[in-house]
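Engineer: Right, I'll just put the structure down here and ask away after.
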């Protein structure tokens with residue numbers, strides 16, 4: 001599964017072009033309405049013992065009309081990065097990778113800002129622009145995205161973001177430091193060599209990890225339940241590790257568990273009211289459940 005829904009906006013994509021025009025009834029007139037512009041750059045990596053490592057990145061430059069919030073605009077394109085509260089779980093919304101919301105959807109314009117590149121060491125990944133047709137009268141414009149060799153989007157390295165700029169947004173450069181892959185997040189019942197989990201039927205699933213940067217979030221996706229849980233850290237043990245557990249009710253007889261480390265850094269540039277560089281690095285494991293002594297479940 002993919003967290004973040006990186007390519008859902010690209011399904012009907014055509015050749016890259018200029019930002020689409022606002023044509024929906026009731027959309028705001030720029031000359032009469034204050035506009036808010038925000039940017040979100042997302043780097044995603046998933047390590048899978050059987051399928052290898054996958055990596056992809058995206059960038060969206062969002063303009064919405066006040067009083068519509070930027071968060072609502074990002075939510076409309078599946079890029080808000082919203083999570084359940086720490087220590088809680090929620091259903092994952094199909095196609096967006098986010099949690100459900102009842103907030104109204106504003107009209108969103110995705111700006112064409114010229115070329116966008118991510119640079120880490122000697123690696124440069126140029127994101128590919130795609131025109132998003134205004135098929136819903138809600139979203140129109142250009143998104144930037146690319147799936148690439150994971151060596152081009154490494155873990156634990158400093159990234160430079162280069163935006164060439166166009167009339168809607170001037171050129172700028174920004175930087176952020178990516179976290180390590182979440183190889184230190186261990187799940188009870190895991191066989192690291194086989195990449196499989198054997199979970200005791202009817203028992204909670206225990207996880208341990210070493211806290212990373214202040215503010216980083218560890219969360220988990222359980223499939224096929226389609227439930228996302230943000231782990232609440234306990235007090236550290238003697239090995240400086242924290243513990244958390246997931247309810248047994250989330251797990252079928254077999255499925256997958258994906259653990260994530262999420263790291264966010266602000267993206268500041270002239271012309272942006274807000275911005276974020278987001279790293280979502282994950283580890284995917286298949287699981288099966290096994291009976292334990294005294295278990296009467298079928």
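The values are calculated or read from the model by the stated rules, or taken from the named source; none is laboratory data. Worth saying up front: this structure is predicted, and the values here are computed from it rather than measured. FYI the Cβ positions are ideal-geometry reconstructions off the backbone, even for glycines, and counts take in every protein chain you see.
Engineer: For residue 85, indicate whether it is buried (at least 17 other Cβ atoms within 10 Å of the Cβ) and either within 23 Å of residue 177 (Cβ to Cβ) or touching a residue at least 40 places away in the same chain (Cβ under 8 Å) (or both). Break it down into steps so the answer makes sense when it comes.
Structural biologist: Values: buried (at least 17 other Cβ atoms within 10 Å of the Cβ): no; either within 23 Å of residue 177 (Cβ to Cβ) or touching a residue at least 40 places away in the same chain (Cβ under 8 Å) (or both): yes.
So residue 85 fails the test.
Engineer: Still on this model: Please go through segment 171-190 and give me each residue that is more than 30 Å from residue 270 (Cβ to Cβ) and within 22 Å of the chain's Cα centre (by Cα), ordered by number. Step through it out loud before you land on a result.
Structural biologist: Going residue by residue through segment 171-190, those that are more than 30 Å from residue 270 (Cβ to Cβ) are 180-190.
Listed by number, the residues that qualify are 180, 181, 182, 183, 184, 185, 186, 187.
Engineer: Right, residue 60: modelled with pLDDT of 90 or more and under 30 Å from residue 177 (Cβ atoms) or not? Reasoning before the result, please.
Structural biologist: Details: modelled with pLDDT of 90 or more: yes; under 30 Å from residue 177 (Cβ atoms): yes.
Yes.
Engineer: Being in contact with a helix residue (DSSP H, G or I) (Cβ under 6 Å, 6 or more places away or on another chain), part of a strand (DSSP E or B) and in contact (Cβ under 8 Å) with a residue 24 or more places away in the chain, is that true of even one residue in segment 140-161?
Structural biologist: Yes; the residues of segment 140-161 include at least one that is in contact with a helix residue (DSSP H, G or I) (Cβ under 6 Å, 6 or more places away or on another chain), part of a strand (DSSP E or B) and in contact (Cβ under 8 Å) with a residue 24 or more places away in the chain.
Engineer: Right, here's the next one. Hey, can you tell me all the residues within segment 123-151 that are over 17 Å from the mean Cα position of the chain (by Cα), under 20 Å from residue 278 (Cβ atoms) and surrounded by fewer than 19 Cβ atoms within 10 Å (Cβ to Cβ)?
Structural biologist: 123, 124, 126, 128
Engineer: Within segment 3-11, identify whether any single residue is touching a helix residue (DSSP H, G or I) at 6+ places or on another chain (Cβ under 9 Å) and either at pLDDT 95 or above or closer than 30 Å to residue 286 by Cβ (or both), and answer yes or no.
Structural biologist: no
Engineer: Of the residues in segment 162-178, how many are within 30 Å of residue 207 (Cα to Cα) and surrounded by 17 or more Cβ atoms within 10 Å (Cβ to Cβ)? First the steps, then the outcome.
Structural biologist: Initially, segment 162-178 is screened for residues within 30 Å of residue 207 (Cα to Cα), giving 176-178.
Adding the requirement that they be surrounded by 17 or more Cβ atoms within 10 Å (Cβ to Cβ) leaves 176, 178.
Result for segment 162-178: 2.
Engineer: Now for a separate question. Would segment 27-43 turn up any residue that is in contact with a strand residue (DSSP E or B) (Cβ under 8 Å, 6 or more places away or on another chain), modelled with pLDDT of 80 or more, under 21 Å from residue 266 (Cα atoms) and surrounded by fewer than 16 Cβ atoms within 10 Å (Cβ to Cβ)?
Structural biologist: yes
Engineer: Taking the condition of being more than 18 Å from residue 38 (Cα to Cα), in a strand (DSSP E or B) and modelled with pLDDT under 90, how many residues in segment 80-130 meet it?
Structural biologist: 2
Engineer: Go through segment 219-240 and report how many residues are farther than 20 Å from residue 90 by Cα and at pLDDT 95 or above.
Structural biologist: Total meeting the criteria: 0.
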